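To keep things clear, I will list the structure first and then write my remarks on it.
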Amino acid sequence: MRPRLIFGIAGIVVFTSLVMYNFSQSISSYVDFEQAATMDGDRIHVIGIWDSTQPAGFSTETMTFSFFMTDESGNTRRVVYPRPKPNNFEQADQIVVIGQMRGDTFVSRDMLVKCPSKYNDATNPELSELQ
């Protein structure tokens, strides 16, 4: 075989291997706070709801928004988010925090706020007018 062909095939194999490795590292599943406490890494996904009975607010000293969240297993933990509170935070059906546990606090690098869709609600007056 020609050396150029061998190098080309080897390059394709190495490139494909790197792409697959990076893709597998970016895939993660949802866990609860108890499982997150036993895991390493800073890309752990925890899904839950905001516990509105607990205090929540933005600290201008640390420039963080903190709140309490209850996961799907019923565990409630404090979440610290290094950005201001998202605009639609109070209307959220679910919240996904991405980060890591530090002690009893979940330090979130990113947050996804899942709000109810007005298009899925059959009692929505705007939809009733269209039918």
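Within the range 18-59, count every residue that is polar (S, T, N, Q), more than 20 Å from Gln94 (Cα to Cα) and at pLDDT below 85. Give the steps one after another, and end with the answer.
Residues of the range 18-59 polar (S, T, N, Q): 22, 24-26, 28-29, 35, 38, 52-54, 59.
If we keep only those that are more than 20 Å from Gln94 (Cα to Cα) too, we end up with 22, 24-26, 38, 59.
Among the residues that remain, those that are also at pLDDT below 85 are: 22, 24-26.
Adding up the residues that qualify gives 4.
Please go through the range 45-75 and give me each residue that is more than 15 Å from the chain's Cα centre (by Cα), among the hydroxyl-bearing types (Ser, Thr, Tyr) and assigned to a strand (DSSP E or B), ordered by number.
The answer is Ser59, Thr64, Ser66.
How many of the residues in the range 79-104 are exposed (fewer than 14 other Cβ atoms within 10 Å of the Cβ) and either of a type in the set (S, T, N, Q) or touching a Leu at 6+ places or on another chain (Cβ under 8 Å) (or both)?
Going through the range 79-104 one residue at a time, the tally reaches 3.
The values are calculated or read from the model by the stated rules, or taken from the named source; none is laboratory data. Here the structure is a predicted model, which means the values were calculated and not measured. Note that we place each Cβ from the backbone using ideal geometry, even for glycine, and neighbour counts take in every protein chain shown.
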